[in-house]
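Reading through the C-alpha cells given below for one structure.
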Amino acid sequence: MTTFSKLQNDFTHNIIGYSAIGIILSTCLGSVAVMTTLMHGHHMVHMFFVMLSVVFCSLHNASILTVQKPGLIFKLLVISTVVNVLIIIGGLIL
C-alpha cells in the first residue's frame, strides 16, 4: 500500500473528524495564499492566482457540504493543499 492509499483509507474511516480539520486547513491555507499573492499587487495575474485559490478551496468545502464520497473529498483536499502551498511558495519567492 502506498502512503496515499493509507491516508485515504484512514480518511475514509474517520470522515467526520477529518472533514472538520480539512475545512479549517483548506480555508487557512487559502487565506494565506491570497494574502501572499495580494502583497505583490493586484494586477490580472495576481487576481488569477486568487481565483485559483478560491476555486480549489471552494471545491473542497462544497464537496464536504454536499456529502460526496470520502475518496473525492480526500483528493480535493490534497489538490487544494498542493495548489495553495505552491501559490504561497511562489508568493514568498517573488
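None of the figures in this text is laboratory data; all of them are computed from the coordinates on show. Because the structure is predicted, anything quoted here is derived from the model rather than measured. Cβ coordinates were reconstructed from backbone atoms using ideal geometry, including for glycine residues, and neighbour counts include every protein chain displayed.
Taking segment 15-94 as the region of interest, the helices (runs of 4 or more DSSP H) fully inside it that hold 1 or more residues being surrounded by fewer than 18 Cβ atoms within 10 Å (Cβ to Cβ) and in contact with a Pro (Cβ under 7 Å, 6 or more places away or on another chain) are 15-38.
Counting only residues that are over 17 Å from the mean Cα position of the chain (by Cα) and assigned to a helix (DSSP H, G or I), how many does segment 1-14 have?
7
Given Ser80, Ser58, which one is small (Gly, Ala, Ser) and touching a helix residue (DSSP H, G or I) at 6+ places or on another chain (Cβ under 8 Å)? Of Ser80, Ser58, the one residue that is small (Gly, Ala, Ser) and touching a helix residue (DSSP H, G or I) at 6+ places or on another chain (Cβ under 8 Å) is Ser80.
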